[in-house]
Amino acid sequence: MYSETRSLERGGGETEEAPVTIRPMRFSDIPTVVYWERKIFPSPWSPENFLAELENPRVSIAVVMECGGEFAGYAMAWAVADELHITNLAVVPSFRRRGIAEKAMEYLLQLGRQRGCRYAQLEVRVSNTGAIRLYEKLGFAKLGIRKKYYFREGEDAFVMGREL
Ligand SMILES: CC(C)(COP(=O)(O)OP(=O)(O)OC[C@H]1O[C@@H](n2cnc3c(N)ncnc32)[C@H](O)[C@@H]1OP(=O)(O)O)[C@@H](O)C(=O)NCCC(=O)NCCS
């Protein structure tokens, strides 16, 4: 409820107009990223998971989105051979529906192209209709289902992909 009110107050206000910036994730971002990861996801990545990603920049791409200087989310991918695999994407609830995830995804896709990737792929919970819409808007199509991919909750994943 607090987030919704804040969001409405921002509608038409100064922060609404604030530019979104996307920058590489730093080691010093990990506590903030883990804070939101635990709030947003039922099976959150650990601090060590994020650390391992930042220590492997040849494969791993990790970015932070900021809006008006405030932390607004993060996005991650692996670029392996000709495939860009989106591994994590989250936007802080009070910053949602402003196009931030779309911008972050376009940024990741562009980085993937620069690294020579020809395809992008990801898994998404079958119940996550908002994210599925986002990926479809970005040109991803459902390629198949991975049964019980989210094993703790026993939920299936759609595999979605597109050419770059
Ligand atoms: C999914 C998520 C990343 C979207 O972030 P966002 O910044 O709000 O998304 P955007 O504003 O860029 O949305 C772009 C488009 O995606 C679609 N979309 C995004 N969220 C949606 C929702 N909740 N319901 C329906 N469509 C949605 C819409 O088509 C939207 O375009 P529109 O606003 O012009 O209609 C965000 O809701 C989130 O962090 N969710 C929890 C974590 C998660 O599910 N991550 C993805 C795991 S695979």
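The values are calculated or read from the model by the stated rules, or taken from the named source; none is laboratory data. Just so it is clear, the model here is predicted, and its values are computed rather than measured. Every residue, glycine as well, gets a Cβ built from its backbone with ideal geometry; the counts of neighbours run over all protein chains shown. Protein only, heavy atoms only, side chains kept; ligands, DNA and RNA dropped before computing areas. Shrake-Rupley method; radii C 1.70, N 1.55, O 1.52, S 1.80 Å.
Brief remarks follow.
- Normalised by the number of residues in the chain, the average gap of Cα pairs under 8 Å and 6 or more apart makes the relative contact order 17 percent.
- Table column - 3J(HN,Hα) (Hz), the range 49-62, Karplus curve with 6.51, -1.76, 1.60, x for Gly and Pro: 4, 5, 4, 4, 5, 5, 7, 10, x, 5, 9, 8, 10, 9
- Per residue, the solvent-accessible area of the chain (1.4 Å probe, heavy atoms of protein chains only, all protein chains present) comes to 57 Å².
- Take the Cα of ARG133, step 7 Å toward its Cβ, do the same at VAL80, and the gap between the two points is 3.2 nm.
- Residues whose placed amide H lies under 5 Å from that of VAL80, excluding near-sequence neighbours: HIS85
- Label-to-label distance, nm, for residues given as ARG113 and ARG146 (7 Å Cα→Cβ offset): 2.6
- Extension gain, ASN56 to PHE41: 0.36 nm times the residue separation minus the Cα-Cα distance gives 3.1 nm.
- Residues GLU102, GLU136 ordered from highest to lowest accessible area at a 1.4 Å probe: GLU136, GLU102.
- Lys/Arg +1, Asp/Glu -1 at C-beta; the chain dipole; positive extreme among LEU138, ILE86, MET160: MET160
- For the pair the range 52-128 and the range 34-51, the centres of their Cα atoms are 15 angstrom apart.
- Largest first, the residues LYS39, LYS147 sort by 1.4 Å accessible area into LYS147, LYS39.
- In the chain, helical runs assigned H by DSSP with n ≥ 4 each contribute -39500 (n - 2.57); averaged across all residues and rounded to the nearest 500, the mean residue ellipticity at 222 nm is -9500 deg cm²/dmol.
- Accessible-area ranking of TRP45, TRP78, largest first, probe 1.4 Å: TRP78, TRP45
- Element breakdown for the chain at a 1.4 angstrom probe: carbon and sulfur atoms account for 51% of the accessible area.
- Of every Cα-Cα pair in the chain, the percent that sits beyond 21 Å: 49
- Within a straight-line Cα-Cα reach of under 28 Å, LYS148 can be paired with the following lysines, leaving aside sequence neighbours fewer than 8 residues apart in one chain: LYS39, LYS137.
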